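One structure is given here, and the rest of the page talks about it.
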Amino acid sequence: MIEIEVVNRSGAPADEQALCDLCRHVLAAEGVEGGDLGVTLIGPGEIAALKREHLGAHEPTDVLSFPIDGRDELPAGVPRQLGDVVLCPQVVGDAWRAPLVHGLLHLLGYDHGEAMERREAALLP
């Protein structure tokens, strides 16, 4: 089972159930049957600070991913720690689905490129 914790400290309203539903859809399509995932919604200032700290560019962005456990094989009964996706509602507005899918694919090991773009397009509802 996928456990998803959503934290909204962005100050913007969010449909947390729709976020979770899309996460579960993407993870199931990628063959992830269990694990823990965090989705945090933050404001533009906070995401700009995270981008500067981790990527060296100081500007707001739509999504950042922080993978935790890249191991493919885990002993039975040990949940996979997928990591966290950080999304900025003030940057993405109503178009949050594509950045969320993008962030999830990064957690699963995808790098930017044609393969990731094709997978994103296939997974978007």
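What follows is calculated from the coordinates using simple rules that are stated; it is not laboratory data. Computed from a predicted model, the values in this text were never measured in an experiment. Counting neighbours? That spans all protein chains shown, and the Cβs are built from the backbone with ideal geometry, glycine included.
Springs join every pair of Cα atoms under 10 Å in this Gaussian network model of the chain, and among Leu55, Leu82, Leu104 the largest mean-square fluctuation is at Leu55. Starting from the Cα gyration tensor of the range 11-72, take the square roots of the eigenvalues, sort them a ≥ b ≥ c, and report rounded, prolate or oblate (rounded when a/c is under 1.5, otherwise prolate if a/b is larger than b/c, else oblate). Note, shape of the range 11-72 comes out oblate. Residue-wise HN-Hα couplings along the range 18-28, as the Karplus relation 6.51 cos²θ - 1.76 cosθ + 1.60 with θ = phi - 60° gives them from phi, are 5, 4, 5, 4, 5, 4, 4, 4, 5, 5, 5 Hz; Gly and Pro carry x. Between the labelled values (i) 13, 46, 34, 7, 0; (ii) 14, 49, 31, 5, 0; (iii) 13, 41, 30, 14, 2, the entry that holds P(r) over Cα pairs in 10 Å bins from 0, in percent as derived from this structure is (i). Proximity of backbone amide H atoms, modeled 1.01 Å from N, is registered between Val6 and Val39 at under 5 Å, excluding neighbours fewer than 5 places apart on the same chain. Considering only Gly56, Gly34, Gly93, the mean-square fluctuation computed in a Gaussian network model of the chain, springs between alpha carbons under 10 angstrom, is largest for Gly56. Charging the Cβ of each Asp and Glu at -1 and of each Lys and Arg at +1, and nothing else, the dipole of the chain about its Cα centre rounds to 140 debye.
Each Lys or Arg adds one and each Asp or Glu subtracts one; over the other residues with Cβ under 13 Å from the Cβ of Ala14, this totals -2.
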